[in-house]
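Remarks on the structure that follows.
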Amino acid sequence: MSKDHRRLRIGKKTPGYWRVTLNNPPINLYDPEMFAELRVLMDQIEEDKDIKVVVFDSADPDYFISHYDIVRGEVVPDLPGAAPFSEWPAFVTGLAQSRVISIAKVRGRARGHGSELALGCDMRFASREKAIFAKVEAGSAVVPGGGATEWLTALAGRSRALEIIVGADDFDAITAEMYGWVNRALPDAELDGFVDNFARRIARFEKRPLELAKKLVNARAGIPSEAERRSSNQSFVTTTTWPETQALIGEMLQNGLQQRGDFELRLGHHVGLRTSAGA
């Protein structure tokens, strides 16, 4: 997709309720242009006096966000809001600490960075039939670098976080709900209406108690620190320089990574088929 294409469609459903639709064909990659637009969006959210809740969804029913753009991820485009990937921890920490309630409505695949954007939101609701979650990084010879290690450890517990991260496989929405990865897995036909009604309900409430309630929950539950996220981010960057990682990524790109097709649709399946040295 052209770098001139807008990755986010922002709809102000009411003054207090915004909907942000992710739209980066062909597979909704998280790329540097999307990051730039997300950072500009956060500035707009923080400056707006009326917004109380923001819902993130996708224009592509097959992909919420597929994953990080491994080819162009380190590019810093000449755009408002552009920043290196190393600034992602600051962005997602800001989202978690924002005075606005954030909701991810997940339909399609939320792998890698897609899962990490959803985890950075305050709540996640998923299509029971169509949502797929995965942390495939270990199967691609890297480690998560966008906050999943921290969030999944907190939400799912140590053992399930390890199952998700080192297993690098796809998870259906029902299992994700059971593990605490999402709040609820809803029938696909009910998902849109449920999230829209919930967001409108929040938007009808007074602003100050919503802000204070989120602040208090954050303080009681604890949220991963920016320093922890930066450590994971740097670990991810380091793994991308390993020779075995570069060789495997090249092989995966030849097989269909970052292209619309079976390899991406069943990425969890495909990364599990390769046999490494010593297997």
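Some notes on this structure:
- A Förster radius of 25 Å combined with the Cβ-Cβ distance from LEU162 to THR241 puts the calculated FRET efficiency at roughly 0.55.
- Comparing ALA126, ALA156, ALA227 in a Gaussian network model of the chain (Cα springs below 10 Å), the most mobile by mean-square fluctuation is ALA227.
- Charge-dipole axis of region 100-257 as Lys and Arg at +1 and Asp and Glu at -1 on Cβ define it, positive-most pick from LEU152, THR245, GLY256: LEU152
- When you filter the GluC sites (Glu not before Pro) in region 13-120 for DSSP loop state and at most 15 other Cβ atoms inside 10 Å of their Cβ, you are left with GLU74.
- Here the scattering of region 53-129 is modelled by Debye summation over its C-alpha atoms, one equal scatterer each and no solvent; at q = 0.22, 0.24, 0.26 Å⁻¹ the log10 of I(q)/I(0) is -1.11, -1.20, -1.26.
- Put the Cα centre of region 125-140 next to the Cα centre of region 1-70 and the gap is 19 Å.
- Positive-end residue, the chain charge dipole about Cα centroid, Cβ charges, pick of ALA213, PHE56, PHE85: ALA213
- Accessible surface computed residue by residue for the chain, with neighbouring protein chains in place and a 1.4 Å probe, gives 45 Å² per residue.
- Degrees between helix 188-204 axis and first principal axis of the chain (Cα, 0 to 90, nearest 10): 40
- Heavy-atom accessible surface of region 207-279: percent carbon and sulfur, 1.4 Å: 56
- Solvent-accessible area assigned to carbon and sulfur over region 50-190 amounts to 52 percent, based on a 1.4 Å probe.
- Whole-Å semi-axes of the chain's equivalent ellipsoid (Cα gyration tensor): 29, 20, 19
- Per residue convex hull volume, Cα atoms of region 167-229, in Å³: 134
- Selected from VAL55, VAL100, VAL40 as most flexible by GNM, with the chain as the system and alpha-carbon contacts under 10 Å: VAL40
- Only the Cβ atoms of Lys and Arg (+1) and of Asp and Glu (-1) were treated as charged; on that basis the dipole of the chain about its Cα centre amounts to roughly 980 debye.
- Rh (Kirkwood; distinct C-alpha pairs) - region 2-112, Å: 14.3
- With each label modelled as a point 7 angstrom along the Cα→C-beta vector, the LEU253-VAL40 pair spans 2.7 nm.
- Counted over all Cα-Cα pairs of region 35-81, pairs farther apart than 16 Å make up 58 percent.
- By a 1.4 Å probe calculation restricted to protein chains, MET178 has an accessible surface near 120 Å², given to the nearest 10.
- Most to least packed among 210-220, 180-190 [average Cβ atoms within 10 Å]: 180-190, 210-220
- Comparing SER159, SER58, SER235 in a Gaussian network model of the chain (Cα springs below 10 Å), the most mobile by mean-square fluctuation is SER159.
- Relative contact order of the chain: 19 percent, from C-alpha pairs under 8 Å at least 6 residues apart in sequence.
- Based on the Stokes-Einstein relation at 10 °C and a viscosity of 1.306 mPa s, and on the Kirkwood radius from alpha carbon pairs, region 149-200 is assigned a translational diffusion coefficient of 130 µm²/s.
- Set LYS13/LYS135; LYS13/LYS214; LYS130/LYS207; LYS135/LYS207 screened for pairs whose C-alpha atoms are more than 29 Å apart: LYS13/LYS135; LYS130/LYS207; LYS135/LYS207
- Loop sites in region 78-132: trypsin sites (Lys or Arg not before Pro), DSSP, at most 16 other Cβ within 10 Å: ARG99
- For region 81-209, Kirkwood radius (reciprocal of mean inverse C-alpha pair distance, Å): 15.3
- Each other residue within a Cβ distance under 14 Å of ILE165 adds +1 if Lys or Arg and -1 if Asp or Glu, for a net charge of -2.
- Principal-axis analysis of the Cα atoms of the chain puts helix 32-47 at an angle of about 20° to the longest axis.
- Packing around the peptides 165-172, 8-15, taken as the average count of other Cβ atoms within 10 Å per residue, puts them in this order, highest first: 165-172, 8-15.
The values are calculated or read from the model by the stated rules, or taken from the named source; none is laboratory data. Everything numeric in this text was worked out from a predicted model, so none of it was measured. Counting neighbours? That spans all protein chains shown, and the Cβs are built from the backbone with ideal geometry, glycine included. Side chains included, ligands, DNA and RNA excluded: accessible areas come from the protein's heavy atoms. Shrake-Rupley method; radii C 1.70, N 1.55, O 1.52, S 1.80 Å.
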